[in-house]
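Written out below as structure tokens is the structure these notes cover.
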Amino acid sequence: MNIPANLQYTNDDEWVTVEGDIVTVGITDYAQDQLGDLVHVELGEVGRTVAKDEAVCEIESVKTVAEVKAPVAGEVIEVNAALADAAEQINSDPYGSWIFKLRVSAPPTGLLDAAAYQAKIG
Amino acid sequence: MRRTPFHGRHVAAGARMVPFAGFEMPIQYAGIREEHLATRARAGLFDVSHMGEIRFRGPKAEASLTWLLSNAIRRMEPGQAQYNALCNERGGVVDDVFVYKLADDDFIVCVNAANREKDFAWVTEHDREGADIVDEGDDWAQIAIQGPEAVEIVDLLVDFDARAVPRHHFRHASFADVDGCLIARTGYTGEDGFEVFVPAGDAPPVWDRVLDAGVNHGLVPVGLGARDTLRLEVRNALYGHELNDDTTPLQSGLGWIVKLAKPGGFLGSDAIAARKDEGRVVVGMVVEGKRIAREGMDVLSEGRVVGRVTSGTLGPSVDRAICLAFVDRELASAGTRLTIDVRGKEAVGVVVDGPFYKRS
């Protein structure tokens, strides 16, 4: 599994970048592999205020559905509209396919680095 | 967790293994969509060794099955296969099964993996004729070779003309140099193809022999994930979803295998006849938009719950979200628009007749 060293990770198999007060979230290579062929992303609303661990988006594969959660409280300022008709892009390029961005007042805590995430997924 | 004789081949091929009905089974190899489309376009190889086999032998075998099963067992010729429902006294479905008639006094009943123990207990308890009934579930491996090129692949592995085996018939012959196999022109995918029963002890090399034979025919290994999407596109019922101990086979659209008029009836026939106009029925729906209706979701009409989804997916060949559901029977006619509660959001499902996918 590809686990880039320059990203941070959640226990819910999301990758996260933090730039100032903007937090960008996608799902990991491991997550897309576990879900299988992705067919639809329900991107959710821009402008919504979400709590930590609240579902922002849903991604559906042929066999199942998963929520993508906010790793930290914030406001959803952007969703990746390019994924609306191209969910399979997450399968082919999970780290190039950000899903949503949050504006936060405090940075996320409890994130894993690449080595810790590798250890978690085994 | 039990393993099939081909377990090592799946692991070596990098399949994702999951627990299913007490077995460790491959859910996918390259991916559900790719495996599904490969089966429709050319050919797929499935390990279905988890399925159970119950042998009925002796002079009472035919009479025993005629009572226990819903279809016209007495009309079968040796070498013929027939789909049947095994029903309880209330007319509910204990299992859906395929019967293979080897000889006038020798039958193999292929049962769902999840129901192996239940079915064997049921038939031994309810056989009123005195057939010789043996659980041969561990004695057989089973593979399915499905798709338009399956017949050409099977033809390379047998010493008869595979093309000459009619649909729902089989040969008791050697396959890939293993004697005593059943090579049946049956399947669950909606494609032409074969299901082959192989004596379990001789089975392991057969997997690679079949893949080698299929190398010029686009044959790929296919997991349970695509097996489910393939069957759903052609509306084949799956036990535990569209069939269960409480609903009758008529409610599930299996009237064509229910011979209520057969002489002497069968176990459950009186109850099925009495319940003929009762209860919800299974419908197929195409779901509008991109959300996917899934098992367990409520079906509504005018704000009232009128049914429940039993199976749902995105059909890779039809490229639409499709589902099966039990709904109130007055809402079962084609064209009826119903609402499906997809995690709190409404999706429209339109009832359609017949399979979602038809072979061209």
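Checking the conditions here, which among B:GLU302, B:GLU346 is surrounded by fewer than 18 Cβ atoms within 10 Å (Cβ to Cβ) and within 18 Å of A:VAL65 (Cβ to Cβ)? Even if it seems obvious, please write down each step before you answer.
Numbers: B:GLU302 fails: within 18 Å of A:VAL65 (Cβ to Cβ).
Only one candidate qualifies: B:GLU346.
Tally time: how many residues in the stretch A:61-78 are within 27 Å of B:THR313 (Cα to Cα), out of contact with any Asp or Glu (no Cβ under 8 Å at 6 or more places or on another chain) and at pLDDT 95 or above?
Here the count works out to 0.
Restrict the check to the stretch A:42-64 and report whether at least one residue is among the hydroxyl-bearing types (Ser, Thr, Tyr), within 14 Å of chain B (Cβ to nearest Cβ) and within 24 Å of B:ALA293 (Cα to Cα).
Within the stretch A:42-64, one or more residues are among the hydroxyl-bearing types (Ser, Thr, Tyr), within 14 Å of chain B (Cβ to nearest Cβ) and within 24 Å of B:ALA293 (Cα to Cα).
Which pairs have Cβ atoms under 7 Å, sit 6 or more apart or on different chains, and link a residue in the stretch B:80-105 that is touching a residue at least 12 places away in the same chain (Cβ under 8 Å) to one that is part of a strand (DSSP E or B) and small (Gly, Ala, Ser)?
Listed pairs, sorted by first residue: B:ALA81/B:ALA184; B:VAL93/B:ALA85; B:ASP96/B:ALA85; B:PHE98/B:ALA81; B:VAL99/B:ALA81; B:TYR100/B:ALA81; B:TYR100/B:ALA184.
If you take the residues in the stretch B:262-299 that are over 18 Å from B:GLU242 (Cα atoms) and of a type in the set (D, E, K, R), which one is surrounded by the most Cβ atoms within 10 Å (Cβ to Cβ)?
B:ARG291
Exactly one of these conditions fails for B:PHE107: (1) under 24 Å from B:GLU77 (Cβ atoms); (2) among the aromatic types (Phe, Trp, Tyr); (3) surrounded by fewer than 22 Cβ atoms within 10 Å (Cβ to Cβ). Give me its number.
(3)
Restricting the first residue to the stretch A:1-29 and requiring it to be touching a residue at least 60 places away in the same chain (Cβ under 8 Å) and farther than 11 Å from A:TYR95 by Cα, which pairs with a second residue that is of a type in the set (D, E, K, R) and in a loop (DSSP other than H, G, I, E, B) meet a Cβ separation below 9 Å and a spacing of at least six or different chains?
Short answer, once both residue conditions are applied: A:ALA5/A:ASP113; A:GLN8/A:ASP113; A:TYR9/A:ASP113.
Taking the residues in the stretch B:239-261 that are touching a residue at least 60 places away in the same chain (Cβ under 8 Å) and either among the acidic types (Asp, Glu) or surrounded by fewer than 18 Cβ atoms within 10 Å (Cβ to Cβ) (or both) as candidates, determine which candidate is farthest from the other protein chains (Cβ to nearest Cβ).
Within the stretch B:239-261, the match that is farthest from the other protein chains (Cβ to nearest Cβ) is B:ILE257.
How about the stretch B:283-306: which of its residues are over 22 Å from the mean Cα position of the chain (by Cα) and over 13 Å from B:PHE326 (Cβ atoms)? Can you show your working first?
First, the residues of the stretch B:283-306 that are over 22 Å from the mean Cα position of the chain (by Cα): B:287-292, B:297-306.
Scanning the stretch B:283-306 gives B:VAL287, B:GLU288, B:GLY289, B:LYS290, B:ARG291, B:ILE292, B:LEU300, B:SER301, B:GLU302, B:GLY303, B:ARG304.
Does the stretch B:138-156 contain any residue that is without any contact (Cβ under 8 Å) to a residue 40 or more places away in the chain, more than 22 Å from B:TRP207 (Cβ to Cβ) and in the same structural domain as B:GLY218 (by TED's automatic domain parsing)? Give the derivation first.
Let us first name the residues in the stretch B:138-156 that are without any contact (Cβ under 8 Å) to a residue 40 or more places away in the chain, namely B:155.
Remaining after also requiring more than 22 Å from B:TRP207 (Cβ to Cβ): none.
No.
Against the conditions (1) farther than 30 Å from B:ALA261 by Cβ; (2) in contact (Cβ under 8 Å) with a residue 12 or more places away in the chain; (3) crowded, with 16+ Cβ neighbours inside 10 Å; (4) of a type in the set (A, V, I, L, M), where does B:MET17 fall short? Just the number, please.
(2)
Looking at (1) in contact with a Ser or Thr (Cβ under 9 Å, 6 or more places away or on another chain); (2) within 23 Å of A:LYS120 (Cβ to Cβ); (3) more than 9 Å from chain B (Cβ to nearest Cβ), can you tell me which one A:ALA82 breaks?
Condition (2) is where A:ALA82 drops out.
Report, by residue number, each residue of the stretch A:13-46 that is assigned to a loop (DSSP other than H, G, I, E, B) and either at pLDDT 95 or above or of a type in the set (Lys, Arg) (or both). It would help to see each step written out before you state the result.
Initial filter on the stretch A:13-46 (assigned to a loop (DSSP other than H, G, I, E, B)): A:13, A:20-21, A:28, A:36-37, A:43-46.
Result: A:ASP13, A:GLY20, A:ASP21, A:THR28, A:VAL46.
Under 10 Å from the mean Cα position of the chain (by Cα) and either within 14 Å of another protein chain (Cβ to nearest Cβ) or at positive phi (or both): which single residue out of A:GLU88, A:GLU67 fits that description? Don't jump to the end; show me each part of the working.
Values: A:GLU88 fails: under 10 Å from the mean Cα position of the chain (by Cα).
Selected residue: A:GLU67, the only one of A:GLU88, A:GLU67 that is under 10 Å from the mean Cα position of the chain (by Cα) and either within 14 Å of another protein chain (Cβ to nearest Cβ) or at positive phi (or both).
Being touching a Leu at 6+ places or on another chain (Cβ under 7 Å) and surrounded by fewer than 22 Cβ atoms within 10 Å (Cβ to Cβ) is the filter here, so list the residues in the stretch B:189-219 that pass it.
Matches in the stretch B:189-219: B:ARG209, B:LEU211, B:ALA213.
The values are calculated or read from the model by the stated rules, or taken from the named source; none is laboratory data. Computed from a prediction, not measured in an experiment: that's the story for all the values here. Every residue, glycine as well, gets a Cβ built from its backbone with ideal geometry; the counts of neighbours run over all protein chains shown.
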